[in-house]
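Visitor: Pasting a structure below so you can have a look.
The values are calculated or read from the model by the stated rules, or taken from the named source; none is laboratory data. Predicted, not measured: the structure shown is a model, and the values here were computed from it. Here the Cβ positions follow ideal geometry from the backbone for every residue, glycine too, while neighbour counts run over all protein chains shown. Surface areas here come from the heavy atoms of the whole protein model, side chains and all, with no ligands, DNA or RNA. Shrake-Rupley method; radii C 1.70, N 1.55, O 1.52, S 1.80 Å.
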Amino acid sequence: MNSRAYLEHAVQIPVDALEIDIRRAADGTLILTHDAADDGSQLLLEDAFAIIAPSGLSVNCDLKEYRLEKDVLTLARAAGIAKERILFSGSVWTYEAGEWPNYLDPTQIYLNIEELDHHIYDPLEKGELPEQQNLEKAVQLCVETGCKVINVNFRICTPAFMACCAEHGIGVSEWTPSTEEDLKKAVVFGPVNITSRRPMLAKQIAAQTAER
């Protein structure tokens, strides 16, 4: 993950988008890494964008720190990646409705549900699902930010949760179902996005579901 080898392989796969994790290094540059370690071996974001640009794929930039959006878009533009190909998830600042910066389009944001409720996933650690009322509150908060897509762990995508999102005009991005059983459940609800470590299986299941 986040390596040059990963990107060079991923751009050859017939998917719609790939995901990378982004942090700021000690010297201020943006690098690809999931955790906080910065030992100098991480791929620079500008080099990653150079690999991705010719592919035409969209890029889900999973931000691991706040306030990176503007610099990410600047580097994407320099690499020839249109703004419309950039998606943001992770540590995206939850601006109030109507107050998003003019360089950031809230329709491009997959707003992590834990940014709206920091304890929403606590029940999953006990093998339980969050209370429906807490999920509904988070969806309402998403509406208030002006974002159109909420990014959630696939395990909380119950029929009731998906119905609540649909009722409020909010699309759902699910991460990270990877077994055949979990992907079948994810596809049924028609999410905006499925992030999976088995993308071709996800596409196959989606195609089979659409044929029915």
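Visitor: Scan region 130-141 residue by residue and report those that are open to solvent by 90 Å² or more (accessible area, probe 1.4 Å) and either charged (D, E, K, R) or not in a helix (DSSP H, G or I) (or both). Before the answer, list the steps.
Guide: In the first step, residues of region 130-141 are kept if they are open to solvent by 90 Å² or more (accessible area, probe 1.4 Å); the result is 131, 133, 137.
Of everything in region 130-141, those that are open to solvent by 90 Å² or more (accessible area, probe 1.4 Å) and either charged (D, E, K, R) or not in a helix (DSSP H, G or I) (or both) turn out to be Glu131, Lys137.
Visitor: Next question. Just the residues that are β-branched (Val, Ile, Thr), modelled with pLDDT of 95 or more and under 22 Å from Met200 (Cβ atoms), please, taken from region 14-38.
Guide: Of region 14-38, the ones β-branched (Val, Ile, Thr) are 15, 20, 22, 29, 31, 33.
Keeping just the survivors that are modelled with pLDDT of 95 or more gives 20, 22, 29, 31, 33.
Once the filter is applied, which keeps residues that are β-branched (Val, Ile, Thr), modelled with pLDDT of 95 or more and under 22 Å from Met200 (Cβ atoms), region 14-38 yields only Ile20.
Visitor: From Thr179, Thr209, Thr145, grab the single residue that is over 20 Å from Glu19 (Cβ atoms), open to solvent by 30 Å² or more (accessible area, probe 1.4 Å) and of a type in the set (Ser, Thr, Tyr). Explain how you work it out, then say what you get.
Guide: Details: Thr179 fails: over 20 Å from Glu19 (Cβ atoms); Thr145 fails: open to solvent by 30 Å² or more (accessible area, probe 1.4 Å).
Being over 20 Å from Glu19 (Cβ atoms), open to solvent by 30 Å² or more (accessible area, probe 1.4 Å) and of a type in the set (Ser, Thr, Tyr) holds for just one of Thr179, Thr209, Thr145, which is Thr209.
Visitor: Still on this structure, I have one more. Kindly list the number of the only condition in (1) part of a helix (DSSP H, G or I); (2) under 30 Å from Cys164 (Cα atoms); (3) open to solvent by 70 Å² or more (accessible area, probe 1.4 Å) that fails for Glu114.
Guide: (3)
Visitor: Name the residue, out of Ser58, Ser41, that is within 22 Å of Lys203 (Cβ to Cβ) and either surrounded by 14 or more Cβ atoms within 10 Å (Cβ to Cβ) or free of Cβ contacts under 8 Å to residues at least 40 places away in the same chain (or both).
Guide: Ser58 is the lone residue from the list that is within 22 Å of Lys203 (Cβ to Cβ) and either surrounded by 14 or more Cβ atoms within 10 Å (Cβ to Cβ) or free of Cβ contacts under 8 Å to residues at least 40 places away in the same chain (or both).
Visitor: Related question: Name the one entry in Leu87, Leu75 that is in contact with a helix residue (DSSP H, G or I) (Cβ under 8 Å, 6 or more places away or on another chain) and closer than 18 Å to Tyr6 by Cβ. Break it down into steps so the answer makes sense when it comes.
Guide: Values: Leu75 fails: closer than 18 Å to Tyr6 by Cβ.
One residue alone meets the criteria, Leu87.
Visitor: Another one. Go through region 153-171 and report how many residues are within 19 Å of Tyr95 (Cα to Cα) and either of a type in the set (A, V, I, L, M) or without any contact (Cβ under 8 Å) to a residue 24 or more places away in the chain (or both).
Guide: Initial filter on region 153-171 (within 19 Å of Tyr95 (Cα to Cα)): 168-171.
Restricting the remaining residues to those that are either of a type in the set (A, V, I, L, M) or without any contact (Cβ under 8 Å) to a residue 24 or more places away in the chain (or both) gives 170-171.
Count: 2.
Visitor: Would you check if Tyr6 is surrounded by fewer than 19 Cβ atoms within 10 Å (Cβ to Cβ) and more than 23 Å from Arg198 (Cβ to Cβ)?
Guide: Numbers: surrounded by fewer than 19 Cβ atoms within 10 Å (Cβ to Cβ): yes; more than 23 Å from Arg198 (Cβ to Cβ): no.
The answer is no for Tyr6.
Visitor: Go through region 154-176 residue by residue and tally those that are open to solvent by less than 10 Å² (accessible area, probe 1.4 Å), within 11 Å of the chain's Cα centre (by Cα) and not hydroxyl-bearing (Ser, Thr, Tyr).
Guide: 2
Residues checked against (1) farther than 13 Å from Asn112 by Cα; (2) at pLDDT 95 or above:
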| residue | (1), (2) |
| --- | --- |
| Phe154 | no, yes |
| Cys157 | yes, yes |
| Phe161 | yes, yes |
| Ser173 | no, yes |
| Thr179 | yes, yes |
| Lys184 | yes, yes |
| Ala207 | yes, no |
| Arg212 | yes, no |
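Visitor: How many residues, within region 69-91, are assigned to a strand (DSSP E or B), among the hydroxyl-bearing types (Ser, Thr, Tyr) and open to solvent by 10 Å² or more (accessible area, probe 1.4 Å)? Walk me through how you get there before you give the answer.
Guide: Start the filter on region 69-91 by keeping residues that are assigned to a strand (DSSP E or B), which leaves 86-90.
Those still in the list that are among the hydroxyl-bearing types (Ser, Thr, Tyr) too: 89.
Retained after the next criterion (residues that are open to solvent by 10 Å² or more (accessible area, probe 1.4 Å)): none.
The total comes to 0.
Visitor: Of the numbered conditions (1) under 19 Å from the mean Cα position of the chain (by Cα); (2) assigned to a helix (DSSP H, G or I); (3) under 19 Å from Gly90 (Cα atoms); (4) not hydrophobic (A, V, I, L, M, F, W, C), Glu144 fails exactly one; give the number of that condition.
Guide: (1)
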